[in-house]
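K.L.:
Handing you a structure now.
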Amino acid sequence: MLILKSLVAGEMHGLGVSRRIQQITGGTFVVKPGSLFPALHRMEEEGWISSFWGDSENNRRAKYYRLTKAGRKQLEVETKRWGRISWAIAQALEAS
């Protein structure tokens, strides 16, 4: 969900996705390449993101990712599901 959310800001390369997740979570989540790139690959296979090769800010070749229409829909589904889960957990923790 956080990968999809990070790409709402626009297309970016893998390192940019990792940095964006760290930024939007206040440093709580640091996504390592060994977790990030398999997830990006899976999301691309699902059609939630697309990719293209471009030059990074330091003029190196980098694979850039962008959110697709299907990815926006999936983010909406996952966000609603997370809302229900977090509400249920909060209710359970407040129960006496």
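FYI, it's all coordinate maths here, none of it is from the lab. This is a predicted model, so every value here is computed, not measured. Note: ideal-geometry Cβ built from the backbone for every residue, glycine included; neighbour counts use all protein chains shown.
K.L.:
Within the range 38-52, how many residues are surrounded by 17 or more Cβ atoms within 10 Å (Cβ to Cβ) and in a loop (DSSP other than H, G, I, E, B)?
P.N.:
Residues meeting the conditions: 1.
K.L.:
Within the range 46-63, is there a residue that is under 15 Å from LEU7 (Cβ atoms), more than 13 Å from the chain's Cα centre (by Cα) and among the charged types (D, E, K, R)?
P.N.:
Yes: the range 46-63 contains one or more residues that are under 15 Å from LEU7 (Cβ atoms), more than 13 Å from the chain's Cα centre (by Cα) and among the charged types (D, E, K, R).
K.L.:
Specify which of the listed residues (SER96, SER18, SER35, SER86) is out of contact with any Ser or Thr (no Cβ under 6 Å at 6 or more places or on another chain), free of Cβ contacts under 8 Å to residues at least 24 places away in the same chain, surrounded by 15 or more Cβ atoms within 10 Å (Cβ to Cβ) and of a type in the set (Gly, Ala, Ser).
P.N.:
Details: SER96 fails: surrounded by 15 or more Cβ atoms within 10 Å (Cβ to Cβ); SER35 fails: surrounded by 15 or more Cβ atoms within 10 Å (Cβ to Cβ); SER86 fails: surrounded by 15 or more Cβ atoms within 10 Å (Cβ to Cβ).
Checking each option against the conditions leaves just SER18.
K.L.:
On to the next question. Please enumerate the residues belonging to the range 55-75 that are exposed (fewer than 12 other Cβ atoms within 10 Å of the Cβ) and either touching a strand residue (DSSP E or B) at 6+ places or on another chain (Cβ under 8 Å) or over 18 Å from ALA9 (Cβ atoms) (or both).
P.N.:
Those that are exposed (fewer than 12 other Cβ atoms within 10 Å of the Cβ) and either touching a strand residue (DSSP E or B) at 6+ places or on another chain (Cβ under 8 Å) or over 18 Å from ALA9 (Cβ atoms) (or both): ASP55, ASN58, ASN59, ARG60, ARG61.
K.L.:
Further question: When the range 18-28 is examined, which residues are found to be in a loop (DSSP other than H, G, I, E, B) and within 16 Å of VAL8 (Cβ to Cβ)? Talk me through it step by step, then tell me what you get.
P.N.:
In the first step, residues of the range 18-28 are kept if they are in a loop (DSSP other than H, G, I, E, B); the result is 25-28.
Passing the criteria: only THR25.
K.L.:
Ok, one more. Give the range 1-14 a look and list any residue that's surrounded by 13 or more Cβ atoms within 10 Å (Cβ to Cβ) and either in contact with a Leu (Cβ under 7 Å, 6 or more places away or on another chain) or not in a loop (DSSP other than H, G, I, E, B) (or both), or say none.
P.N.:
So in the range 1-14, the residues surrounded by 13 or more Cβ atoms within 10 Å (Cβ to Cβ) come out as 2-7, 9, 11-14.
Matches in the range 1-14: LEU2, ILE3, LEU4, LYS5, SER6, LEU7, MET12, HIS13, GLY14.
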